Amino acid sequence: MIVINGIKIPEDTNSIKLEPSPSLDKAVVAYDVDKDVLIYQIETLIECYVEGGMTEEEAWDWFSYNTVRTGPYVENYPNFISEIN
């Protein structure tokens with residue numbers, strides 16, 4: 001069993017973790033067992049990118065272009081939720 005933020009994930013998971021995981025793991029808020037995907041909270045992810053040295057604008061650009069855009073092409077890619085939802 002893998003545990004991230006108190007969330008239990010099976011050892012045999014195919015779910016993809018965003019890298020660098022040590023700094024982005026705090027944005028993991030859930031695990032969808034049926035889809036075998038991690039769920040990240042967007043605003044926390046942006047905070048992680050900013051803490052890593054990006055401006056907020058750069059963080060949003062990175063998230064939109066390099067993170068979200070990848071999802072449709074990769075199986076077991078994470079889902080993202082927003083505080084605004």
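The values are calculated or read from the model by the stated rules, or taken from the named source; none is laboratory data. Everything quoted here is computed from the prediction, not taken from an experiment. Ligands, DNA and RNA are stripped out before the accessible areas are found, and what is left, the full protein with its side chains, is counted by its heavy atoms. Shrake-Rupley method; radii C 1.70, N 1.55, O 1.52, S 1.80 Å.
Structure summary
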read-out: Scan of region 47-74 for residues that are modelled with pLDDT of 95 or more, open to solvent by less than 30 Å² (accessible area, probe 1.4 Å) and either more than 16 Å from N5 (Cα to Cα) or aliphatic (A, V, I, L, M) (or both), ordered by number; value: Y49, A59, F63
read-out: The listed residue being open to solvent by 60 Å² or more (accessible area, probe 1.4 Å), within 15 Å of N79 (Cα to Cα) and among the aliphatic types (A, V, I, L, M), out of V33, V28; value: V33
read-out: Test for E83: is it over 10 Å from the mean Cα position of the chain (by Cα), farther than 25 Å from E11 by Cα and either among the acidic types (D, E) or outside any helix (DSSP H, G or I) (or both); value: yes
read-out: Selection count where residues are over 10 Å from the mean Cα position of the chain (by Cα) and open to solvent by less than 30 Å² (accessible area, probe 1.4 Å), scope region 14-25; value: 1
read-out: Residue check, T44 modelled with pLDDT under 95, under 12 Å from the mean Cα position of the chain (by Cα), open to solvent by less than 60 Å² (accessible area, probe 1.4 Å) and not acidic (D, E); value: no
